[in-house]
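J.: Here you go, one structure.
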Amino acid sequence: MPSNLPIGIFDSGVGGLTVYRALHERLPNEHFVYLGDTARVPYGTKSLSTVERYGIENAKFLEAHGIKLLVVACNTASALALPAIRKAVSVTVVGVIEPGARAAVEVAAGKKIGVIATEATVQSAAYTSAISKINSDIEVTERACPLFVPLAEEGWAETEVARAVAEQYLIDLRKRDVGALVLGCTHYPILRNLISEVMGTDVPLIDSGEAAAREVQSLLESRQLLSPEREVELRERQLCDDLDHFYVTDAAERFAKVAERFLGMSPSILEAVEVWGHDELRTY
Ligand code: DGL
């Protein structure tokens, strides 16, 4: 497998850009192909079979683009659909749940762990089972925080409305004296400061996207698949520059607008595509 192939990333929409940013920061020589399934977002309220179907279609779309590794940035898709996705494609697939769980266990050092995520991720208890596989003595409390997603997308992270919502959601977790809180949804790093203020700045927050980026780095290193430095890459790489390619399944303009909020810039190359029936891939 050539090491200069891009890394594929998919998410249900725009939130996975926080994972893209973490990967980009850690691996500045790599190229990325990002797919945001904006036509079918949100995944966090959908059933297992639907998320599996969407996840497989997204993964096949990216695999058809020639990638060396696939990152499932979406926590909900990672929680519900990872085994089905791994069965459907031959490329190596990295999700965000196991890396996030490992980082939380390390940081919590035997104390309780809190997890905040979408309704579907919480219902799947994927974080709880990943944590208990590492250390079955650790008590885990999961809490769904669905309103954090629209608040982040609206750019309302710093508002009183967001604070009131965070206080309501986190009230029980705050009382549980957790040794780490997992940000188990792509959007939550956007609300990181607020969540930290409400939980108490002494509670370590675990960004599952950052944890996955570390895992991707060590996987590529061990397989000698890190992209070699090339002349074009020796110039300062910018987020969203023309070396990275972004696809969405709908509403490219809205994606670009929210990308600007999340990353401070929008993709240079952004295309709308259909991912279902990828054999007849249509770009428009
Ligand atoms: N990307 C999803 C996640 O990380 C959040 C948005 C959605 O519900 O699709 O779980």
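J.: Can you tell me the order of 118-131, 208-221, 67-80 when each peptide is scored by its average per-residue count of other Cβ atoms within 10 angstrom, highest first?
T.: The packing order, highest mean first, is 67-80, 118-131, 208-221.
J.: To continue, here is another question. Starting from the Cα of Leu219, step 7 Å along the direction of its Cβ; do the same at Asp172; then give the gap between the two resulting points in nm.
T.: So the two model labels end up 3.3 nm from each other.
J.: Right, next: From the residues Val161, Val122, Ser136, which one has its Cα farthest along the dipole of the stretch 58-174 in the positive direction, the dipole being from +1 and -1 charges on Cβ of Lys/Arg and Asp/Glu about the Cα centre?
T.: Ser136
J.: Per DSSP H run of at least 4 residues, take -39500 (n - 2.57); add these up for the chain, divide by its residues and hand me the 222 nm value, nearest 500 deg cm²/dmol.
T.: Only helices count here, giving -13500 deg cm²/dmol.
J.: Restricting things to alpha carbons, find the Rg to Rh ratio for the chain using the Kirkwood radius for Rh.
T.: Working: Rg = 18.0 Å, Rh = 18.9 Å.
Across the chain, the Cα-based Rg/Rh ratio is 0.95.
J.: Tell me whether the stretch 102-190 comes out rounded, prolate or oblate; compute the Cα gyration tensor, take square roots of the eigenvalues as a ≥ b ≥ c, and use a/c under 1.5 as the rounded threshold.
T.: Since a/c reaches 1.5 and a/b is larger than b/c, the shape of the stretch 102-190 is classed as prolate.
J.: Convex hull volume of the Cα atoms in the stretch 1-153, per residue, in Å³?
T.: That works out to 116 Å³ per residue.
J.: Sticking with this structure for a sec: Starting from the amide H of Ala180, placed 1.01 Å from N in the peptide plane, find each other amide H under 5 Å away whose residue is 5 or more places distant or on another chain.
T.: Gly114
J.: For the stretch 195-268, which whole-number percentage of the solvent-accessible area (1.4 Å probe, protein heavy atoms only) is attributable to carbon and sulfur atoms?
T.: Heavy-atom surface of the stretch 195-268 belonging to carbon and sulfur, 1.4 Å probe: 42 percent.
J.: Could you work out how far apart the two model spin labels at Arg53 and Arg26 are, taking each label as a point 7 Å from the Cα in the direction of the beta carbon, and quote it in nm?
T.: Once both label points are built, they end up 3.3 nm from each other.
J.: When Lys and Arg each count +1 and Asp and Glu each count -1, what net charge do the other residues less than 9 Å away from Ala84, Cβ to Cβ, add up to?
T.: Net charge around Ala84: +2.
J.: Among Ala39, Gly200, Ala101, whose Cα lies farthest out toward the positive end of the dipole of the chain, if unit charges sit on the beta carbon of Lys, Arg (+1) and Asp, Glu (-1)?
T.: Ala101
J.: About the Cα centre of the stretch 167-237, what is the dipole size in debye to 20, counting +1 per Lys and Arg Cβ and -1 per Asp and Glu Cβ, all else neutral?
T.: Values: 9 positive and 13 negative charges, 27 e Å.
Dipole size: approximately 120 debye.
J.: For Gly95, what residues show an amide H to amide H distance below 5 Å, using hydrogens built from the backbone and excluding near sequence neighbours?
T.: So Gly95 has HN proximity to Val72.
J.: Taking N as the number of residues in the stretch 129-284, what value does Rg over Cα atoms divided by 2.2 N^0.38 Å take?
T.: Working: Rg = 19.3 Å, N = 156, 2.2 N^0.38 = 15.0 Å.
After normalising by residue count via 2.2 N^0.38 Å, the value is 1.29.
The values are calculated or read from the model by the stated rules, or taken from the named source; none is laboratory data. Model, not experiment: these values are computed from the prediction. A quick note on method: Cβ atoms are made from the backbone with ideal geometry, for glycine too, and the neighbour counts reach across all protein chains shown. Keep in mind that these areas ignore ligands, DNA and RNA; they rest on the heavy atoms of the full protein, side chains included. Shrake-Rupley method; radii C 1.70, N 1.55, O 1.52, S 1.80 Å.
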